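The values are calculated or read from the model by the stated rules, or taken from the named source; none is laboratory data. The model shown is predicted, which means the values in this text are computed figures rather than measured ones. Cβ atoms come from the backbone with ideal geometry, glycine included; neighbour counts cover every protein chain shown.
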Amino acid sequence: MKHIAIFASGKGTNAKAIIEHFENHPTIKVVLVVTNNPSAGVLKIAHEHKIISAIINKDSLNKEEIMMKLLNAQKTDLIVLAGFLQLIPAFLLQNFPKKIVNIHPALLPKHGGKGMYGIKVHEAVLANKESETGITVHYVNEVYDDGEILLQKKVAITSDDTTETLSAKVQQLEHEWYVKAIEEVLH
């Protein structure tokens, strides 16, 4: 059985889709949810699905002994970022080479980097008058949204799209394709 740790900072919509997809999977299981936000909705989702959760602060995230003990206790094979807004420390990248993935709500390399998350991405896409947007699943490295791309899926932007409609279109792609990319990495 392969074990996933999900790192999330917010509502947890992607985390929920991942947890539910792998709930009865024969070879993959979500075993841990880590958040840096004590009021994150993802904590309730973890509790509802009886998944161990941990709240960490920036100091804890950057302490190798704390994080490795937490991840090793759950025999973590893959770290999945699902709206996690902190930069992953170098020791985690070294301990989990090509075993940390992220999803970004745009077609990288456009509209990525520090501070580019959620609605801010969709605002930038619309302001730039793009004809399409989508999702990018990528390995995580030392730079925000810079790792090797595993998968991209596109959606057309129409003249009547708003940040809300764009967000809904992109989220639909995220929920459909992120789990497929995760399965690919683990097999």
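Out of the residues in the range 71-105 that are free of Cβ contacts under 8 Å to residues at least 40 places away in the same chain and not aromatic (Phe, Trp, Tyr), which is surrounded by the most Cβ atoms within 10 Å (Cβ to Cβ)? So, considering only residues that are free of Cβ contacts under 8 Å to residues at least 40 places away in the same chain and not aromatic (Phe, Trp, Tyr), the one surrounded by the most Cβ atoms within 10 Å (Cβ to Cβ) is Leu92.
Any residue that is of a type in the set (Gly, Ala, Ser) and either crowded, with 21+ Cβ neighbours inside 10 Å or assigned by TED's automatic domain parsing to the domain that holds Ala5 (or both) - is there at least one of those in the range 133-141? Looking for residues that are of a type in the set (Gly, Ala, Ser) and either crowded, with 21+ Cβ neighbours inside 10 Å or assigned by TED's automatic domain parsing to the domain that holds Ala5 (or both), one finds at least one in the range 133-141, hence yes. In the range 142-163, the residue that is surrounded by the fewest Cβ atoms within 10 Å (Cβ to Cβ) out of those that are of a type in the set (A, V, I, L, M, F, W, C), touching a residue at least 24 places away in the same chain (Cβ under 8 Å) and assigned to a strand (DSSP E or B) is Ala156.
Residues in the range 1-57 that are part of a loop (DSSP other than H, G, I, E, B) and among the acidic types (Asp, Glu): Glu23 only. Every residue in the range 76-87 that is touching a strand residue (DSSP E or B) at 6+ places or on another chain (Cβ under 6 Å), within 24 Å of Val121 (Cα to Cα) and part of a loop (DSSP other than H, G, I, E, B), please. Within the range 76-87, Ala82, Gly83, Phe84 meet the criteria. Scan the range 58-68 and give yes if some residue there is without any contact (Cβ under 8 Å) to a residue 24 or more places away in the chain and part of a loop (DSSP other than H, G, I, E, B), otherwise no. Scanning the range 58-68 turns up at least one residue that is without any contact (Cβ under 8 Å) to a residue 24 or more places away in the chain and part of a loop (DSSP other than H, G, I, E, B). Within the range 97-118, the set of residues being assigned to a strand (DSSP E or B) and of a type in the set (A, V, I, L, M) comprises Ile100, Val101, Ile103. Would you say Ile135 is assigned to a helix (DSSP H, G or I) and under 15 Å from the mean Cα position of the chain (by Cα)? The answer is no for Ile135.
Rundown of residues vs (1) under 15 Å from the mean Cα position of the chain (by Cα); (2) touching a residue at least 12 places away in the same chain (Cβ under 8 Å), yes/no style:
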{"residue": "Lys11", "(1), (2)": "yes, yes"}
{"residue": "Asn24", "(1), (2)": "no, no"}
{"residue": "Lys29", "(1), (2)": "no, yes"}
{"residue": "Val34", "(1), (2)": "yes, yes"}
{"residue": "Ser39", "(1), (2)": "no, no"}
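Of all residues in the range 131-144, exactly one satisfies the criterion of being at pLDDT 95 or above and among the acidic types (Asp, Glu), namely Glu132. Condition test on Lys99, is it under 28 Å from Lys58 (Cα atoms), modelled with pLDDT under 95 and within 15 Å of the chain's Cα centre (by Cα)? So Lys99 does not fit the description; no.
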